[in-house]
Every structure is written in C-alpha cells, then in structure tokens.
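Peer 1: Submitted below is the structure of interest, expressed as structure tokens.
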Amino acid sequence: MNGTKTVRFATTWIASMILAIAVTACSIPTVVEPPAAVADRQVDQAEALSRKGDYRGAAQTYEALAAGSPGELRDRFLLRAAREYVRADDTARATTLLNQVSASLPRADFGLRSLVAAELALRAGRGDRAIAELDRIPQPIPGELSSDVLDVRARSLFALNRPAAAVGTALERERTLNTQEAIRANRRMIWQGLQKAAAGNADFTAPAGAGQTLTGWLDLGRAALGTARNPFSANEDIAQWRNRYPNHPANSLLSEDILPQLNVGLDYPTQIALILPLSGRQQAAGMAVRDGFLAALLQQEASRRPLLNVYDSAEIGATTAYRRAVADGAQFIVGPLTKDEVTAIATSGEASVLTLALNQTAENIQSPSMMFQFSLDPEEEARQVAQRMIADGRMRGLVLLPNNEWGQRVFRAFDTELKTLGGQIAGMRFYDPSARDYSPPITELLLINESRARANALAAALGTRFEFEPRRRGDAQFIFVGAQPVQGRSLRPALRFHLTEDLPVYATSDIFEPDARANNDLEGVIFPDMPWVISPDAASSQLRGTLTRYWPVRARGRGRLYAFGFDACRIVPLLKAGQFGTAHAIPGMTGLLSVDQNGHIKRELDWAKVSGGRALPLGTAATAAVQ
C-alpha cells in the first residue's frame, strides 16, 4: 500500500512539474525575426552567390524574394534575378522575368531594366537595339551601373562594326576600374571585340586626333581575326604589331594571355584518328569534312603536325573503326559523322580517349565524359531564329515547315524557344516537300481560303457576283519557313504572290546556297549562317578561294561541311588543353564557338538578308533598313 501511495505521489508530482514547465515555457515570448531582416539576409546571400560565380543560385534567390514581395519591391527583385540569369547564360528565363516587370518603374530601377534589356538584345544579335535601350537610361547613370553600361555599349558597338567608337568606350570604362583583374578582363573584351569587328570587315581607320592607345588597338584589329580563324600564321602578324607599338598596354595582354593561348591552340596530340564515311551514301559529306580537316592541319608547320590516321566508318563500322583507332595509338579521335554512329559509340562503353564527335547522340542518351559533340544542328539554328524574332520585337507569327522528320525536329525546337521567350505561333502548316505547287498549304496558313469562302457565301446570299480581293490574316508579325534550297526558291515567290510581301520571312541556313544566280527568288529572306558563307573577312575568303580553286564542285555543294571539318581540326588542341569554354569563345569558320558544361560545342551564328541573290550581313549600311 505504502509503495502504491508513493508511486502515485511521485507520478502526480512529476505530472505537476511537467505542467508547470509547460506553462512557464508558454509564457516566454517567442523571438520573431522582422520580415525586412529576413529579406536583407537573403539579399546578402544572393550577392554572395553572385560574387562566387553561382549566378543561377543568385537568380533563384532573387526570384524567391520577388515571389513574396509586393509592388515596386517585387519588380526590383525580378530585375536582379533577370540580370543574374543573363550572367548564367539563361537568356530565356531572363526574358521571361523581364517581361513580368511593371512598365512603370521608379527612376532608381529604370537603369537596371534598360541594362538587362540591352544585354538580351545584344545576345540576340541586335546591337542597334541594345544601344537604344542604353540611351533610355536617365542621366547621370547611377555609379553602380556605369561600368556595366559602358561594357554593354562597347560590345554593342563592336557588334555594329564600329570599332573606333567601341574601343573608345572600353578605354573610358577602363579608367573607372580599380583592380588589375578587371582591367585585364576589359582588355580581353576589347581583343574579342576586335576579332568580331574584323570578321565583319570593319574599318579600323583611327579617327582624326586619336591617341596612340586607341590607334594601336585599332591597328591590332587587323591581326586579331587571324589568331582565331586561322592561327597558324598569326604569330608573325602579332610580332610586327609589337614592333610598331612596343609600349602599348595591349602588350601585357598579348604576352600573358593571347600568345600563350595561341600556342596552346597549335599544340596537337602526336596522333589523331579521323573516323568518317568515305564510301556509301554519306561519302560526299565525309570527304568534304575530311578535306576541311586536312586543309587546317596542313597549315601547321610540318615539324609540329600530328600523325593522322583516317578510318572509313561506312566500310568497317564506326564502333570497329573506333576500337582500331584506340589500338593503333590514337590520343584524340575526331568523328564519327552520323547521329546513329555517334550514338553507337556513346552507348558502347568504348570511349576511352578524348573524342570530338561530329554529330549529336540520339535524345535521352548520356554522352560519355571523354566525348565532346560538335554538329551543324538545324534545331539550334531554329532556336536562334526564335531569339532573333523576339529581339526584333516580333512576338506572334506563322510557321511553314516540311512534313518530314527534319521539319518535326525544327518545329519542336522553334516552338519551345519561342514560347519560352514569350512569343506565340498564330498558325502553322506542314507542306509536302515533294510537291510542285505549295499554294494549298500557304493559302490555308494565311486563311485566304476562309476569306474566299466568306465571299462566296455572301455572294450566294445576295444572289449576285461582285469584285473580291481575298485578304490574308492580320494577326501575324513574321513567317518562319523551313526549307532546302529547291523548295525555298518556290516557297518564297508563292508567299510573295499571296500578299505577304509586308511580312518579314525568316529561315534557317538550309534555304540558302552560296550561288547568287540561284538565290534571286529568295529576296528579303532573313537567316542565320556561318561566317564561311556570309562573312566577307580575309581569312574566310582565303579559305573559300582555296576550296573553289582545287575542288570547285565541292565548293558549290559542300562548302559548309568543308568549313565544319576545318573548325573541327582547329579546336582539337583547345579541347585537349581544357582551355575552351563559354568564357573563351573563338570566332571559327562555322560561327562563334564555345563549349558548354555538357561538352556540346555551341555555334553563335551571323545574320544575313538576301539581296540581289547575295547574303548581305545584317548590321551593315546595306541592310540597316531590315527593321
């Protein structure tokens, strides 16, 4: 009994103590951090992520802040998130967020909005629009934005082939920089801008009264392009420039950065294997790529040329050719060429040496860590077309593509990119590429058939005939056409006949072949293409001349593949050295080349408009009226 009482007493006492503690705990006030303090801490976190180079993480932090903030504060965080997405090279997400920002901003935020819009316009190839956006920033420009504004302005002027103004702006920016690292990055930006301007055949004449620094930079522009397009003879050009300008500030950049990288770009593996279809259905394509690869390799000094073994994948199979190349001692393998062959190598488990595949794997196939992928990808071109349209302010339009596997792939890429950027497809039709008459799909796309049907119904109701001119739909700002040259030369006149002269027509490069006599029917078509086709610079022209002189038939039909082979050879040593990435893009014959984190070689293309059968680069005086 006593024991029982003791236990009950103890239990009661413990329960009472627990209750007392709970009551006491409830009476202690909970410390709640003010929302402003939480936001400040998250802003600090985002800024720290940005300084470390984690731009995507910073963007996501700002985006989360925007989601929980009202009015002007929400817009401010959206702008910061968009800026970080631009830095992370996610222009699609940046564009989406920028479009969510209110049109009425306080003066303090207007500068950042214009800066982000300018950067997006520049990345879409619209240097003119970028300059216009920057000119909208109220003066004086806020101090925290001035360096970035001058940076974008300089790069935009380079893109517009105005190197003197661009260098002058960059030198103005350099005077505001406080660290050697920032100054060196600014000088590298000048160097890359000179390469881009040289690719556009810009005038490097110094303006009257220009100082020695500006004059020297402009003179260096004449040598800048050769170091990227054709680096095998660039050392001599740079040496001559250094003799003329021994005290120029660019000398340190050349000594510490450009020349070492140039030498790395000439340091090939001692043995390379090239796997291509040199017989069978793909023989012509394989031979064109091979000839371009050899043209680049033969410009290397004989003493520095690697041993090259070439294997015919059509004869022995790509996987067997790959195994044989490894067994023969290849240190770097280039190829194979077709998507099926690349997929076979990627899934075989055989990729044991650095490999530059000349196509992409099939969808959902993981690429081996030793494999890079380089291709003339129509889907990537379609995405760049969508980006260009949005940059041109054309948000809604029509699509006309061939009813085949190529057309389906191009449509998926274009549709996804356009919608991601806030655009819309108002109507689309697939056409039969083997047809002779393209009027039915065109009239359906333009809703002309519906216009005729309404007129016929009205005439029947009134019991009389009357004059009638069919009207096309009025809700489109562009037409995107996917076609090979033969179909393109029929589609463009048919579109013009059916009352769409006032609608800009965009296409991928497949529509154009470098033959002025064959392209007269493509008048006005806007398209992206590689510098090999539309760039007037000396390096590209020299290589085109060599191909035309020795292989005139291939020059007409397979020139792009020849340039593709040249660039494939050009980037082998850069991939081998690991000094090739988004921060080290190089102007190649096939585009501005960089490699992403997945090992895919990206090509930023030039833009042209067909005029008189020729592809005139956009941005020049001859095509300034394209808008």
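Peer 1: Which of the residue pairs LYS339/LYS419; LYS339/LYS602; LYS196/LYS609; LYS196/LYS602; LYS52/LYS576; LYS419/LYS602 have a Cα-Cα distance greater than 25 Å in the structure shown? Present the calculation step by step, with values, prior to reporting the outcome.
Peer 2: Values: LYS339/LYS419 27 Å; LYS339/LYS602 17 Å; LYS196/LYS609 19 Å; LYS196/LYS602 16 Å; LYS52/LYS576 27 Å; LYS419/LYS602 21 Å.
Too far apart for the 25 Å limit: LYS339/LYS419; LYS52/LYS576.
Peer 1: Just the number please: accessible area per residue for the range 173-332, 1.4 Å probe, all protein chains included, in Å².
Peer 2: Details: 7200 Å² over 160 residues.
With all protein chains present, the range 173-332 gives 45 Å² per residue.
Peer 1: Let me ask you something else. So which trypsin sites (Lys or Arg not before Pro) in the range 232-336 end up in coil per DSSP with only 11 or fewer other C-beta atoms within 10 Å?
Peer 2: Details: sites: ARG242, ARG244, ARG281, ARG290, ARG304, ARG323, ARG324; in loops: ARG281.
Passing both the DSSP loop test and the Cβ count: ARG281.
Peer 1: Let me ask something else about it. With label points built 7 Å along Cα→Cβ from the Cα atoms of VAL43 and GLU181, find their separation and express it in nm.
Peer 2: Those two pseudo-labels are separated by 2.4 nm.
Peer 1: So what are the ³J(HN,Hα) numbers for the range 71-81, from phi and the Karplus equation (6.51, -1.76, 1.60; θ = phi - 60°), rounded to whole Hz, Gly and Pro as x?
Peer 2: x, 4, 5, 4, 4, 5, 6, 4, 5, 5, 5
Peer 1: Another question, if that's okay. As an exercise, identify the trypsin sites (Lys or Arg not before Pro) in the range 42-89 lying in DSSP coil whose Cβ has no more than 13 other Cβ atoms within 10 Å. Numbers along the way, then the final one.
Peer 2: Values: sites: ARG51, LYS52, ARG56, ARG74, ARG76, ARG80, ARG83, ARG87; in loops: LYS52.
For trypsin sites (Lys or Arg not before Pro) across the range 42-89 that sit outside H, G, I, E and B with at most 13 neighbouring Cβ atoms in 10 Å, the list reads LYS52.
Peer 1: A further question follows. Name the residues of the range 54-76 whose amide N is less than 19 Å from a point 7 angstrom out from the Cα of SER104 along the C-beta direction?
Peer 2: Backbone N within reach: 70-76.
Peer 1: Continuing with this model, one more query. Would you rank LYS609, LYS602, LYS419 by solvent-accessible area, highest first, keeping every protein chain in place and using a 1.4 Å probe?
Peer 2: If we order LYS609, LYS602, LYS419 from most to least accessible, we get LYS419, LYS602, LYS609.
Peer 1: Return the carbon/sulfur percentage of the accessible area of the range 123-224, one whole number, probe 1.4 Å, all protein chains in place. Can you show the working numbers first?
Peer 2: On the way: 2170 of 4510 Å².
Ligands and nucleic acids excluded, carbon and sulfur reach 48 percent.
Peer 1: Now, a different point. Sorting check: for 434-447, 130-143, 341-354, which peptide has the highest mean count of neighbouring beta carbons within 10 Å, and how do the rest follow?
Peer 2: Values: 434-447: 16.7, 130-143: 15.2, 341-354: 18.6.
Most protected by this proxy first, the peptides run 341-354, 434-447, 130-143.
The values are calculated or read from the model by the stated rules, or taken from the named source; none is laboratory data. Here the structure is a predicted model, which is why all the values come from computation and not from measurement. Cβ: placed from backbone, ideal geometry, glycine included. Neighbour counts: every protein chain shown. Keep in mind that these areas ignore ligands, DNA and RNA; they rest on the heavy atoms of the full protein, side chains included. Shrake-Rupley method; radii C 1.70, N 1.55, O 1.52, S 1.80 Å.
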